[in-house]
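Below is one structure, written out as structure tokens, with a few remarks after it.
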Amino acid sequence: MNKGLELSNITKYYTEGGNRITALDHVSISVAPGEFAAVVGPSGSGKSTFLSIAGALLKASEGEVHLNGHNISKLSDKELSGIRLKEIGFIMQSSNLVPYLNVLDQLLLVKKMSGKVTAEDKKFAVMLLEELGLGAKLKSFPEELSGGEKQRTAIARSLINDPNVILADEPTASLDTNRAYEVVSLIAKEVKSRRKAAIMVTHDERMLEYCDKVYHMEDGRLSLV
Ligand SMILES: Nc1ncnc2c1ncn2[C@@H]1O[C@H](COP(=O)(O)OP(=O)(O)OP(=O)(O)O)[C@@H](O)[C@H]1O
Ligand SMILES: [Mg+2]
């Protein structure tokens with residue numbers, strides 16, 4: 001059973017030119033399975049730092065991260081990379097698709113990184129892509145896709161290993177309004193139906209209607225709006 005994602009009292013310092021910057025200041029958040037949380041806030045307030053720590057890409061200076069009930073704060077880099085692959089789905093600002101792979105193979109590549117690709121995996125990949133309206137695009141290459149189709153491929157890819165957590169950093173930044181709505185509503189739908197714990201960082205206030213909770217980041221401090 002997915003127990004969601006919990007960050008407790010996370011502080012992050014960066015050192016730059018001998019100066020210590022406090023990027024996150026005792027940040028706590030708990031996201032339950034099926035919950036879609038948004039984080040908004042000004043540039044430089046700590047949103048990407050926060051998401052990187054939530055996604056085990058960066059270690060906190062202080063505090064703990066619990067993923068699905070396990071404390072991942074003290075794990076080795078190797079253990080963390082396994083966790084990123086199996087337990088966390090990332091959706092980024094630009095879709096980061098591999099240019100020479102078709103849509104279906106974008107998903108199967110991720111599956112391959114965590115083991116052998118079975119017929120079952122392939123079926124699941126096709127089902128996800130159909131669910132996201134890409135049933136006719138399985139054999140298309142990234143350059144043949146619209147911005148919205150690329151992001152929908154990235155959503156499907158984030159789900160292929162059936163992770164407990166979905167993290168999205170500005171997933172609509174490169175899209176026009178209609179496509180942005182479409183992409184965020186699809187993320188929300190998958191989060192609900194597949195019971196993922198999800199956090200989206202966004203600048204776009206219009207996307208917040210799809211989220212269950214909205215948090216505000218200011219000077220490294222997180223508060224519920
Ligand atoms: N690798 C780093 N080394 C030093 N300082 C950093 C580093 N990464 C971020 N910072 C600083 O930490 C603070 C938070 O940065 P962060 O990237 O998390 O903000 P953000 O809210 O994502 O901003 P944006 O909305 O512009 O993406 C900023 O003051 C930034 O300059
Ligand atoms: Mg950022």
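Structural remarks
- Base-10 log of normalised Debye intensity for the chain (one unit scatterer per alpha-carbon) at q = 0.07 Å⁻¹: -0.21
- The charge dipole of region 74-210, taken about the Cα centre with unit charges on the Cβ atoms of Lys, Arg (+1) and Asp, Glu (-1), comes to about 580 debye, rounded to the nearest 20.
- Helix-only [θ]222 nm of the chain, DSSP H runs n ≥ 4, -39500 (n - 2.57) each, per residue, nearest 500: -10000 deg cm²/dmol
- Couplings for region 132-146, taken from phi via the Karplus curve 6.51 cos²θ - 1.76 cosθ + 1.60 with θ = phi - 60°, read 9, x, 10, x, 8, 10, 3, 9, 7, 9, x, 5, 8, 10, 6 Hz in order; Gly and Pro are left as x.
- Rounded to the nearest 20 debye, the dipole magnitude of region 1-146 is 320 debye, with +1 charges on Lys and Arg beta carbons, -1 on Asp and Glu beta carbons, and the Cα centre as origin.
- Positive-pole candidate from Val39, Ala23, His66, dipole of the chain, charges at beta carbon: His66
- Selection from Ser94, Leu7, Ala125 lying farthest towards where the dipole of region 5-224 points positive, charges on Cβ: Ala125
- Sites Ser146 and Glu209 - FRET efficiency at Förster radius 25 Å, r taken between beta-carbons, to 0.05: 0.60
- Take every Cα pair under 8 Å whose residues are at least 6 apart in sequence, average their separation, divide by the length of region 5-224, and the relative contact order is 32 percent.
- Residue pairs, from the table Lys122/Lys213; Lys47/Lys123; Lys78/Lys112; Lys47/Lys78; Lys122/Lys189; Lys78/Lys213, whose Cα atoms sit over 29 Å apart: Lys122/Lys213; Lys47/Lys123; Lys78/Lys213
- Compared with the dominant Cα axis of the chain, that is its longest principal axis, helix 119-131 is turned about 80°.
- With Cα atoms, 0 to 90° folded angle of helix 147-159 axis to the chain main axis: 80
Coordinate-derived values only; no laboratory data. Every value quoted in this text rests on a predicted model; they were computed, and no experiment measured them. As a convention, Cβ positions derive from the backbone with ideal geometry for all residues, glycine included, and neighbour counts pool all protein chains shown.
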